[in-house]
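So the structure is just underneath, and the comments pick up after that.
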Amino acid sequence: MKSWLPLQQIVYHLLRVFLKTERLTESADNSGSGTLSNYHIKTLMLWACELKPTSWWTDNFSFTAICADLLHILSLWLNQGYCPHYFITGCNLFDHCERANQILAAERLSEINKGELIKWYICSYLPKCYQRCPFPVVRQFDYVSASEKLQRAVSAVVEWRRSNVLLDNWQALYTATYNLSSSIFWHSVTARSYVVYMKELTNLDPNLRNYLISFTCLHVAQNISSHGLYDRPTELLSILCYDLGCEKDLMNSKTTLDLVEFLQKSAIDRLTALRQLEARDFGSVATIVTTDFEAMYAFKRDDYQHCLQLSTQNVRTLLYARRMTSVPLDPEFLQLLDDDIVSLTALTLIVNPLCRRFHPRYSSISQLTLSLYLMTQCQLKLRRPVTSLAQTLDCIEVAQRRQPLDYTLDQLTLKLAERKILIHISER
């Protein structure tokens, strides 16, 4: 199927959507019909791609004509009561279907022609494609009686989609990492669940696979710091060390403190690499700095000078950015910050224990908010002059105005940084 022409892939997609829309395939809201399934459509396409010459697909190019011809072949199979399995010779995929349902479906498919498919495409399929478009694009579909008007309207959808595909992909990546973190936060991670996650994410996106390794490193490091190295995490730790490419006997040759630091450093290195890929792939639709996790790790290790340097540069880059990414504040990441941030996130859970489950705004902060907080803390610890703190205070005020009010954790973190500076200035 990966060798199919783009045209063949689109025809397969349209056939699936059409038969589902016409309630000829079994679905969640149409259970029990069972006459046709997606596997029947896939089988139809596999045979057509093998038996039909390339010219059949490419000459007299028309999606609807090709779809109509294939539906008539499927109608013939239904009438005969025989759908030849593509891989198993002599196997009939219609063996367990009711004959009466087969005949009814065959009659319905035999009546479908190119004109009916065009009507379905315009009236049923296209509205689902353009319903998310801006109003000026949607309005073009009000009067599409002429083919030229339809062509212009569809072209407007395509152009809008092309201009937004990067942004959608970036948001999808962010949502996926949030859901992955949330799942581990609520259900923890075991050796077995980690292997299942790895198998699925390897097929889906290598970036998500690396994010899982990083997050699990922090998860194990947090558990070891809190509870020590017991027998329960040993299997998970062994698998994790193998994925990190380190020696399998690492946990036996290192102290607990060394092991925690190794896991944290390994996580930060991979997360920084992921940030660099994110900035490379989506830097045209968002402002993404790549050293936020590195700054957190420097803060954790009391390297305030390095942390201040990184955070200051990040604030300069992000202060007036139109879009930026966020930093998760799950317990796994909180181990890299101080007790004040831990207490602040705990307050949200005291008010509403379920709030972190439903929206990232309650379990993450923007890169700008994190950078301003780290910048404030480092300036205070390094006893920087009041003039420097006053400049940071100005940046915090800008961030507070630009940050939506319903992003609770961002607003609280900025307020905390502001309060720390004001108290320090008043004491000086």
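The values are calculated or read from the model by the stated rules, or taken from the named source; none is laboratory data. Keep in mind the model is a prediction, meaning the values are calculated, not measured. Cβ sites come from the backbone with ideal geometry, for glycine too, and all protein chains shown count toward neighbours.
Helices (runs of 4 or more DSSP H) wholly in the stretch 207-324 with at least 1 residues that are modelled with pLDDT of 95 or more - which ones?
Working: elements: 234-244, 250-253, 256-282, 292-300, 304-318.
Qualifying helices (runs of 4 or more DSSP H): 256-282, 292-300, 304-318.
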Residue match in the stretch 119-131 (condition: in a helix (DSSP H, G or I), exposed (fewer than 12 other Cβ atoms within 10 Å of the Cβ) and in contact (Cβ under 8 Å) with a residue 12 or more places away in the chain): yes
Residues of the stretch 55-84 that turn out to be under 14 Å from residue 43 (Cα atoms) and under 39 Å from the mean Cα position of the chain (by Cα), as a count: 6
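Quick one: which residue in 409, 344 is buried (at least 23 other Cβ atoms within 10 Å of the Cβ) and in contact with a helix residue (DSSP H, G or I) (Cβ under 7 Å, 6 or more places away or on another chain)? Break it down into steps so the answer makes sense when it comes.
On the way: 344 fails: buried (at least 23 other Cβ atoms within 10 Å of the Cβ).
When all the criteria are applied, what remains is 409.
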Cross-chain or 6+ apart pairs with Cβ under 6 Å, the stretch 159-172 first and modelled with pLDDT under 90, then of a type in the set (Val, Ile, Thr): 160/137
Residues located in the stretch 353-407, provided they are in a loop (DSSP other than H, G, I, E, B) and among the polar types (S, T, N, Q): 363, 403
Please tell me if residue 202 is assigned to a helix (DSSP H, G or I) and modelled with pLDDT under 85. yes
Tabulated pairs, the stretch 368-386, first buried (at least 24 other Cβ atoms within 10 Å of the Cβ), second outside any helix (DSSP H, G or I), C-beta under 7 angstrom, 6+ apart or interchain: 368/319; 368/324; 370/327
Test for residue 182: is it in a helix (DSSP H, G or I) and in contact with a helix residue (DSSP H, G or I) (Cβ under 7 Å, 6 or more places away or on another chain): yes
Could you check the stretch 32-117 for helices (runs of 4 or more DSSP H) lying wholly inside it with 3 or more residues that are surrounded by 12 or more Cβ atoms within 10 Å (Cβ to Cβ)? 38-51, 63-80, 99-110
